[in-house]
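Bear in mind these aren't lab numbers, they're just calculated from the coordinates by the rules spelled out. Note that the coordinates shown come from a computational prediction; the quantities given were computed from them, not determined experimentally. Ideal geometry is used to build each Cβ from the backbone, glycine not excepted, and the neighbour counts take in all protein chains shown.
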Amino acid sequence: MYTFPDLIKKIREEAQLTQAEFAKILDISAVLVAMIETGQKEVSRKTILRLSEKMDVHPSSITPFMFNDENKYQNNMSKIEKSFLQFGEQLQDYLIKTKAKKLRQYAAQ
């Protein structure tokens, strides 16, 4: 499972966008994109909404796993929580491999 900063970076990379192109699509600065991708800055609700709109997905499909902190909590998880995280991994793969490509169309604008 990717951490939230890693997920954002993977989405951008799958769309074959530079940080500057990605920033332009989301109407934020390239510096902010770099800070989000490295975990130095939290992404705003407004930015998540823009990203979900451009990817044509519901915002909650991007954010339910944003608090995954690598394996920090996995030792104390119930079976259902572990199943939920496995589903999250599948959702992340879907977002990266399928929906990220929609962002490419905005780069040319």
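Between A108 and Q90, the simple label model (points 7 Å from Cα in the Cβ direction) yields a spacing of 3.4 nm. Proximity of backbone amide H atoms, modeled 1.01 Å from N, is registered between V43 and no other residue at under 5 Å, excluding neighbours fewer than 5 places apart on the same chain.
Per-residue Cβ neighbour counts within 10 Å put V43, V57, V31 in the sequence V31, V57, V43, beginning with the fewest.
In order along region 44-52, phi translates into HN-Hα couplings of 7, 4, 4, 5, 4, 5, 4, 4, 5 Hz, rounded to whole numbers, per the Karplus curve 6.51 cos²θ - 1.76 cosθ + 1.60 with θ = phi - 60° and x for Gly and Pro.
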